[in-house]
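Asks: Supplied in structure tokens, the structure appears directly below.
The values are calculated or read from the model by the stated rules, or taken from the named source; none is laboratory data. Since we're looking at a predicted model, the values are computed, not measured. Cβ placement follows ideal geometry from the backbone for every residue including glycine, while neighbour counts extend to all protein chains displayed.
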């Protein structure tokens, strides 16, 4: 098995090497895990990894600290949970983000799309990070996110967006065919779908979960009558019923918490590309009371955030390059040492 493939996202069948071991990314079907599946992931992270899990910008969940010795047992455990794809190519093709508030019809569309991507003749030859998005006009929450193809379920049918342009509305049973190139006659859009105000979910600082902490949250959810946990691209969790007490487990439930304005990648020592402890330094900035949005990146790749931030710090040889109101792709305006933050 090649575990050093570059240029695409890691998976269960093709993990990625990092500073703390192998990263194994698990893609949920239809944007959600059942509580049984989620508990199985927490148990697997503790038994076969280092007990840490990450929520990602693609609404996936990563198990960290896996080794080449524990990887086969982890894969078997996920297979026993019914969470293992047939092969790495099918797994990579199933790159579908689903809005956490999508209703049954939209999620059925996402399930059909996922099956088509896995079983269809063409998708395995597409670009490695070709991305799909499915949302619901009842409470659209992810339509502002980048995707090669986006669907939005509407009363009139399924709105289709390709390469950033809304093309029109397809009949629900023809929407996937339309996205794959078989263009049926599309009805005009009555309005361009836009994102609603998103209710606060249950967030983890920097998207990092501890296995025990996650398991305790799932226990609270089960007692509240929840059946599943839905993931989001902003690294917050949503259950299908109200869950209280998450803040006592170290989760963020206050939408004004300053940590929510900071995106920070794992940094050193977890990532080999980083020479700075990004999350330690993120907490330093919070303590200083910085009022804007912040992106702290261990290197120029900018994995934690693609959108501009008021302050961008880019790790380089143990210090940070600074960018005001931009991204890691912009020209560095000056440098600062971590202890000066």
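Asks: Six or more apart or on different chains, Cβ under 9 Å: which pairs go from a residue in region 288-313 that's at positive phi to one that's surrounded by 15 or more Cβ atoms within 10 Å (Cβ to Cβ) and not in a loop (DSSP other than H, G, I, E, B)? Could you list them?
Replies: Listed by first residue and then by second, the contacts come to 289/258; 302/295; 302/312; 302/314.
Asks: While we're here: So which of 93, 128, 106 is under 15 Å from residue 179 (Cβ atoms) and at pLDDT below 95?
Replies: Working: 128 fails: under 15 Å from residue 179 (Cβ atoms); 106 fails: at pLDDT below 95.
None of the other options fit; the residue is 93.
Asks: So residue 241 fits all but one of (1) assigned to a loop (DSSP other than H, G, I, E, B); (2) surrounded by 16 or more Cβ atoms within 10 Å (Cβ to Cβ); what number is the exception?
Replies: So the condition that residue 241 fails would be (2).
Residues are listed down the side, and each one gets a yes or a no for (1) crowded, with 23+ Cβ neighbours inside 10 Å; (2) touching a strand residue (DSSP E or B) at 6+ places or on another chain (Cβ under 6 Å):
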site	(1), (2)
279	no, yes
284	no, no
291	no, no
302	no, no
307	no, no
313	yes, yes
318	no, no
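Asks: If a residue counts only when it is within 19 Å of the chain's Cα centre (by Cα), which strands (runs of 3 or more DSSP E) contained entirely in region 250-331 have at least 2 such residues?
Replies: 262-264, 294-297
Asks: Go through (1) out of contact with any helix residue (DSSP H, G or I) (no Cβ under 6 Å at 6 or more places or on another chain); (2) assigned to a helix (DSSP H, G or I); (3) at pLDDT 95 or above and name the single condition residue 100 misses.
Replies: Residue 100 satisfies every listed condition except (2).
Asks: Anything in region 178-228 that is more than 23 Å from the chain's Cα centre (by Cα), assigned to a loop (DSSP other than H, G, I, E, B) and loosely packed, with under 13 Cβ neighbours inside 10 Å? List them, or say none.
Replies: 181, 182, 185, 188, 190, 191, 192, 225, listed by residue number.
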